[in-house]
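The values are calculated or read from the model by the stated rules, or taken from the named source; none is laboratory data. These numbers come from a predicted model, not from an experiment. Because the Cβ atoms are built from the backbone with ideal geometry, glycine has one as well, and the counts that use them run over all protein chains shown.
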Amino acid sequence: MSIDTPAAPETELEGEPAPEGSQAADVAPEADGLAATIAGLRATFDSGRTRDLAWRRRQLQGVIDLLQQNEQQLVAAMAVDVGKPAFDAWLTDLLTTRDEAAYALEHLDEWAEPTKYKVPVVAQPGTAWTQPQPLGVVLVIAPWNYPVQLLLSPLVGALAAGNAALLKPSELAPATSAAIAALVPKYLDPDAVAVVEGGVDVTTELLAEPWDHILFTGSTRVGKVVMAAAAKHLTPVTLELGGKSPTIVAADADLKVAAKRVAWAKYLNAGQTCIAPDYVLVERSVEDRFTKLLVDELGALRDGAEPASIVNGDHVARLEGLLDGHGGEELLPRRTDAAARTVDPVVVREPDPASPLMTEEIFGPLLPILAVDSVDDAIAFVQARPRPLALYLFSSSRDTERQVLERTIAGSVCVNHLVYQCAVSSLPFGGVGPSGIGGYHGKAGFDTFSHHKSVLRRPTKGDLSLMYPPYSKTVQKALRLLTRWPKQA
Ligand code: NAD
C-alpha cells in the first residue's frame, strides 16, 4: 500500500487520454446519454476487468491520489458550497476518505480471500467455502453536507469489491459536484466509474434503472423514495439516513470535557452533520452546572472559531421555524441571516418534547437540553422515540455505560466523545430502523458491495452406492448415530 502520491498530472482534463480502457464513460450524460453511460459501465463490468485485484488496487490508489493532489481545489469547492472552514473540510472530508481508501488498500487481499466452512456428516466428504464476488454496477447517491466523503467513501467499498459504479453527487453542493465530476475520470478508470450530476429529476431517472445495488445517503424522507424505486427491481439497498441523535450526560460525567465536546460536535459544520448531537438529556442534579458550561463553550466557539455556513436560505428559514414555538428558554441570542446563510448557535433549555424542535431532525446549530431524573429516564426517553443514527453517553461509570449500551438501540455509540466513531475505518458505520439499513466503512463496505457466494465441492471418486436409495438399515442406523439423533422410544 502506498499513500504517497506522485506528482499531479500536468495535462488539462480535456484531451487527456483516459487512464484505462477505451471509451471514456465520463462524458456528462445528456438525456439519452444516461442509458449509454450505464450500458458502458455494464459492458466494463461484464468484461471482467474490475474483478482483477490489481485493477482494484489501482482504483483505490486513484482515490487516494485524487484527494491528496487536489486538496486545495476540493477545500475551495466546499467553502463555496457550505462555507466549510478549510481545516474542517480537510479533516472531515478529505482525510477520513483518504484513510478509508488506504485501509481498504491495506486489507484488500485478506478481504478477497475465500472463507472455509465446516461440512456436516451428511454432506461429507466435501469442501465448503464462500467466495466474495462483486455485485455488478452500483449506484451511489450522496448528500451535500460532507459532499466528498459521502460520495467517495462508499465508492471505496464498491471498488474494493470489484464493482463498476455510477456516482450522483448532491446538486446542493454544485461546486464540489463539478470538481468531482472533473477529477474522477482523471484518476479512476473512466469506463468503470461515471459521475452524473443533477437534481431530483436526474436522480429519479437513475432510480428507474435496474442497479445491482444502491447506496443512498440522505434524509429518511428520500430514503423511502429510493427504497420504493429499488423494490421495483428487487435491487438491494444500503440506506444511510438521518434522525435525532441523543446525548446523555450522567451526573458522574466529567462535565467540563462533556460540555466542550458536545459544543464542538454541534458547532462542526454548523450542526449539519448526520451524527451531530441533536439534543442533550442531562441528569437533573448537574443540569445547571452542565448547561452553564455548555453555553460558555458554544459562546466561545461562536466568538472565536470560523463558522460553517448553512447550506441555503431555505434551511436558514427552516431553522428559524424550529426556533418558533418550542416553549423553552433560549440561552444564547438568536441571530440568523438568510442572505449570509448564517445561524448562530442557540441552546434551548426545556423545550416542549412535542414541538418540532424535539420531533424533527435539527440539522443546524440549535441544541435543546432537557433534564431527566436519572439515566434510566434518559434511556426510556430514547426508547420511546425512533431509533437514532448515533447515541452519545458521557459517564465515568462502566455500569452506566453497560446499561445504556444494552438498553438502547442506535446505529452507533461513542462514549465520552462524539462523532469520532465515524473516523474509525475498521468500524462498521450505519443506522438502524428509520436511521438506516445496512452499513459500510472498512470490511463492512467491502461486504456491502460483495455477494459472498457459497460453494460446496464434492469428490466423484469413491462414490458410495449405499448413499443412494433404497438406504439400508445399517446406513440409516449409522447416520443417526453419526448425527447424534436421539434414540426414538
Ligand atoms: P436529501 O435526502 O434531500 O438528498 C440526498 C440526495 O437525494 C441528493 O443527491 C438529492 O439529489 C437526492 N434527492 C432529493 N430529493 C429526491 C427525490 N424526491 N427523489 C430522488 N432523489 C432525491 O438529503 P440532504 O438534504 O442532501 O442531506 C441531509 C440529510 O442526510 C439529513 O437527514 C442527514 O441526517 C442525512 N445524512 C445522513 C448521513 C449518514 O451517513 N447516515 C450522512 C449525511 C447526511
(request) Taking only the range 354-366 into account, find how many residues are more than 16 Å from the ligand (Cβ to nearest atom) and surrounded by fewer than 17 Cβ atoms within 10 Å (Cβ to Cβ). (result) 1
(request) Given the conditions (1) within 12 Å of the ligand (Cβ to nearest atom); (2) in contact (Cβ under 8 Å) with a residue 12 or more places away in the chain; (3) over 28 Å from Arg51 (Cβ atoms); (4) within 19 Å of the chain's Cα centre (by Cα), report the number of the one that Thr217 does not fulfil. (result) (3)
(message) Would you confirm whether or not the range 133-148 contains a residue that is at pLDDT 95 or above, assigned to a strand (DSSP E or B), in contact with a strand residue (DSSP E or B) (Cβ under 9 Å, 6 or more places away or on another chain) and over 16 Å from Val196 (Cα atoms)?
(response) yes
(request) Considering each of Tyr279, Tyr187 in turn, give the residue that is more than 16 Å from the ligand (Cβ to nearest atom) and either in contact (Cβ under 8 Å) with a residue 24 or more places away in the chain or not β-branched (Val, Ile, Thr) (or both). (result) Tyr187
(request) Select the helices (runs of 4 or more DSSP H) contained entirely in the range 62-114, then report the ones holding at least 3 residues which are crowded, with 18+ Cβ neighbours inside 10 Å. (result) 71-82, 96-112
(request) Show the residue pairs that are 6+ apart or on different chains and have beta-carbon atoms under 8 Å apart, the first residue being within the range 431-459 and surrounded by fewer than 23 Cβ atoms within 10 Å (Cβ to Cβ), the second being assigned to a loop (DSSP other than H, G, I, E, B) and of a type in the set (Lys, Arg). (result) Val432/Arg387; Gly433/Arg387; Pro434/Arg387
(message) Restricting to the range 191-210, and then to whatever is in a loop (DSSP other than H, G, I, E, B) and crowded, with 24+ Cβ neighbours inside 10 Å, can you tell me which residue is farthest from the ligand (Cβ to nearest atom)?
(response) Asp191
(message) Condition first: within 14 Å of the ligand (Cβ to nearest atom) and at positive phi. Now tell me which residues in the range 226-276 satisfy that.
(response) Gly243, Asn269, Ala270, Gly271
(request) Can you give me the number of residues within the range 151-184 that are within 12 Å of the ligand (Cβ to nearest atom), touching a residue at least 60 places away in the same chain (Cβ under 8 Å) and touching a Gly at 6+ places or on another chain (Cβ under 8 Å)? (result) 2
(message) Which of the numbered conditions does Val222 fail, given that it passes all the others? Conditions: (1) under 28 Å from Gly162 (Cα atoms); (2) within 9 Å of the ligand (Cβ to nearest atom); (3) touching a residue at least 12 places away in the same chain (Cβ under 8 Å).
(response) (3)
(message) Can you tell me which of (1) buried (at least 16 other Cβ atoms within 10 Å of the Cβ); (2) in the same structural domain as Gly136 (by TED's automatic domain parsing); (3) over 22 Å from the mean Cα position of the chain (by Cα) is the one Lys232 doesn't meet?
(response) (1)
(message) Quick check on this structure: which one of Gly430, Gly442 is touching a helix residue (DSSP H, G or I) at 6+ places or on another chain (Cβ under 9 Å), closer than 30 Å to Val119 by Cβ, within 16 Å of the ligand (Cβ to nearest atom) and at pLDDT 95 or above?
(response) Gly442
